[in-house]
Amino acid sequence: MSHIALSLAKAAGWMSRALGRGGGTTLPGMILLRLRPHILREMAQELEEIIVISATNGKTTTARMVSHAAHESEISFVANTSGANLPSGIATALLRRKPDEKYGIFEVDEAALPELVPQLRPTVLVLMNLFRDQLDRYGELETTIHKWKKMVESLPETTKLIINADDPALAYLGSLHQNVQFFGLELTDHASETISHAADSLHCLKCNSPLNFQQVTIGHLGHWECQNCGFSRPNPSFTGDKINLMGLDGSEFIAASKTDSLGIQIPLAGTHNVYNALAAYATCYTIDISATKIQKGLSTISAAFGRNEIISFDGVELMIMLAKNPAGANQNLKTLLLEEGTIHLAILLNDRTADGKDVSWIWDVDYEMILDRIASLTISGDRAYDLALRFYYSGFPATSMHVVPSIQELLEHLKSTIKIGGRAVVLPTYTAMLDLRSELNKIGATHSFWEEK
């Protein structure tokens, strides 16, 4: 039965690719799990080390960073590099594992994590952040926190837990496990002292009193404390300091453990990617990858598909920055403000299942911060007119917006609007990003998202 199930699943993946229906990143796993519901636990037992990374934002990039450093260290591993992070995607990755691949590096969807952790039994579990996202699918943030709490409480003591100390909710979860290490950013000029209206975890999970913030980096991340019960940001074992954000060209900072420090430069922009790199550094340090391999792995990494990815077509450069929730979108906008001059901006809003049907989150995005920097604004996607209305109420002139219903028209408009050698920044939701890349793939401008380059 096992041999038949594996053969059928592999054949389904081959057929999916051969017929041009996709990369076969989930279908084989769906079939395998239907035929053998407990197969994940069985396949995971064949691995010596399993690293699981989860978050609302940044898990794909961080998993890619860890994988890149592991590759530099000549560690053989299996990973879901296509971003298929539900049980079917993990099963598909394990189905394709080669016999010499003894490490597993997996990004896991935050809602699927409590289900997958008992099956995968990770040796290292990395929890990076939790932000409000896809309310129709995940429910309120408190629902996910509650599920993660039960998961952390059930972890065996041998599981090494790596947690972002700057996220108050996650820091509380970390306090429930003995084998835990924290990471976080030191005081930085790239932060504020005030919480944005879109922030989420603002109350102490121990006594429900309001938290006091000394520093705010992204959303509710930062240096915090509860003045009622005294619960405060844990002292991190891994820190990021002396942060230098170099516009859209990248970032650099000093990563430090209790015993060592390392200068890290990454070709990815923004404070959010500093967090991603610090989480990757902490993870790599924990699995004994050397400092030089970590440094090289992170400095030579390319952007994951749709995450600060640059694609050129017909002389126009597109920088694609996934923007799927208020925290992520606001951070992308802040990153754009690091650039001088005006920006050709395109925003794509879909409301499909993978995006979340509720698009009311766009009213929590601070588009106002960038209005005077917009050279041209192009709006597309299934809910383009909802987004146009949001910009209208922000005070942006309706006559200066260009709304296009299709990806093809979007690309044609950008090509006609932007001079040869110019750049447009594209902020799409998840399925809109896949639509855009699919069209760019058809014209030969890029590869399919499941193909590692």
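The numbers here are math on the coordinates, done by the rules we state, and not lab data. This structure is a prediction, so every number in the text was calculated from the model and none was measured. Virtual Cβ from ideal backbone geometry, glycine too; neighbours counted across all protein chains shown.
Restricting the calculation to Cα atoms, region 400-453 shows an Rg/Rh of 0.97 when the hydrodynamic-style radius is the Kirkwood one. Unpaired Cys in the chain, meaning no second Cys C-beta under 4.7 Å: CYS284.
The dipole here belongs to region 115-229: it is taken about the Cα centre, uses +1 on the Cβ of Lys and Arg and -1 on the Cβ of Asp and Glu, and is about 440 debye.
Computed from the alpha carbon atoms alone, the convex hull of region 106-178 holds 82 Å³ per residue.
Dipole size in debye (nearest 20) for region 259-341 around its Cα centre, Lys and Arg Cβ +1, Asp and Glu Cβ -1?
260
By the Stokes-Einstein formula, at 0.692 mPa s and 37 °C, region 38-299 with its Kirkwood radius over alpha-carbon pairs has D equal to 178 µm²/s. The local environment of HIS402, defined by Cβ-Cβ distances under 14 Å, has a net charge of -1 under the rule Lys, Arg +1 and Asp, Glu -1.
Placing one equal scatterer on every Cα of region 193-303 and applying the Debye formula, the log10 ratio I(q)/I(0) at q = 0.21, 0.23 Å⁻¹ is -1.09, -1.19. Within 15 Å, Cβ to Cβ, of PHE391, how many net charges do the neighbouring residues add up to if Lys/Arg are +1 and Asp/Glu are -1? Here the count lands on -2. Each of TYR385, TRP361, LEU337 was scored by the projection of its Cα onto the charge dipole of region 328-394, and the greatest displacement toward the positive side belongs to TYR385; charges sit on the C-beta of Lys, Arg, Asp and Glu. Using every pair of distinct Cα positions in region 203-245, the Kirkwood expression returns a hydrodynamic radius of 11.6 angstrom.
For region 307-442, the pair-distance distribution built from all alpha carbon pairs, in bins 10 Å wide starting at 0, is 12, 49, 35, 4 percent. Modelled spin labels at LEU389 and LYS258, positioned 7 Å past Cα toward Cβ, are 5.5 nm from each other. Amide hydrogen proximity for VAL126: with H placed 1.01 Å from N in the peptide plane, the residues at 5 or more positions away or on another chain lying under 5 Å are VAL52, ILE53, SER54, ILE162. Remark: for residue pairs LYS334/LYS419; LYS258/LYS334; LYS334/LYS357; LYS415/LYS442; LYS160/LYS258; LYS293/LYS324, the C-alpha separation exceeds 21 Å in LYS334/LYS419; LYS258/LYS334; LYS334/LYS357; LYS293/LYS324. Each principal axis of the Cα cloud of region 38-175 was evaluated for its coordinate range; sorted largest first, these ranges are 41, 29, 29 Å. The equivalent ellipsoid of region 312-372 has semi-axes of 22, 17, 9 Å, largest first, where each one is the square root of 5 times an eigenvalue of the Cα gyration tensor.
Can you compute the helix-only [θ] at 222 nm over the chain? Use -39500 (n - 2.57) per DSSP H run of at least 4 residues, normalise by all residues, nearest 500 deg cm²/dmol. So the calculated ellipticity at 222 nm is -10500 deg cm²/dmol. Each Lys and Arg adds +1 at its Cβ and each Asp and Glu adds -1 at its Cβ; summed about the Cα centre, the chain shows a dipole of about 1160 debye.
Per-residue Cβ neighbour counts within 10 Å put SER175, SER192, SER88, SER251 in the sequence SER192, SER175, SER88, SER251, beginning with the fewest.
log10 I(q)/I(0), Debye, Cα-only the chain, no solvent, q = 0.12, 0.13 Å⁻¹? For the requested q values the scattering log ratios are -1.06, -1.25.
As a ratio to 2.2 N^0.38 Å, the alpha-carbon radius of gyration for region 276-348 is 1.39.
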